[in-house]
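*Asks:* Okay, handing you the structure first.
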Amino acid sequence: MLDIRGIKYALAFVLLSGIDAFTTLFGIKHGFSEANPVLRAGLADPTTFLARYAAYTLIGASLILVSFNLKGKPFRHLGRLMVVLKALPVLSNTLLLVGL
């Protein structure tokens, strides 16, 4: 049985990933550059970028779901940490796009 908290964190991670992908593509279209070299390599083709990003998001959401079903301290905060780390580029992209 999946932990409901894990599902909530995984959904938050997926939502933030979608916002991050959208703001990244929007920023690239308007003259910004991608700082992450792994993602930058796929930006020449938006379809490739989105496919890679979807794969990374699927892996991340899966890790969150698994971490909430594992017992022990090392795994207890992984889901929260991943959501916070995913929120940082969303915040950064948003601030750049609004001109701050």
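The values are calculated or read from the model by the stated rules, or taken from the named source; none is laboratory data. Note that this is a predicted model, so its numbers are computed, not measured. So basically every Cβ, Gly included, is an ideal-geometry build from the backbone, and we count neighbours across all protein chains shown.
*Asks:* For the range 78-100, give me each residue that is over 21 Å from residue 30 (Cβ atoms) and either touching a Gly at 6+ places or on another chain (Cβ under 7 Å) or not hydrophobic (A, V, I, L, M, F, W, C) (or both).
*Replies:* The answer is 79, 80, 82, 86.
*Asks:* Right, something else. Among the residues of the range 16-48, count how many are among the aliphatic types (A, V, I, L, M), within 16 Å of the chain's Cα centre (by Cα) and surrounded by fewer than 14 Cβ atoms within 10 Å (Cβ to Cβ).
*Replies:* Of the residues in that region, 2 qualify.
*Asks:* Please work out which residue is surrounded by the most Cβ atoms within 10 Å (Cβ to Cβ), limiting yourself to the range 1-15 and to residues that are of a type outside the set (Lys, Arg) and more than 14 Å from the chain's Cα centre (by Cα).
*Replies:* If we take residues in the range 1-15 being of a type outside the set (Lys, Arg) and more than 14 Å from the chain's Cα centre (by Cα), then 6 is surrounded by the most Cβ atoms within 10 Å (Cβ to Cβ).
*Asks:* Also, I was wondering about something else. Which numbered condition trips up residue 61, out of (1) at pLDDT below 85; (2) on the phi < 0 side of the Ramachandran plot?
*Replies:* In the conditions (1) at pLDDT below 85; (2) on the phi < 0 side of the Ramachandran plot, residue 61 misses (1) alone.
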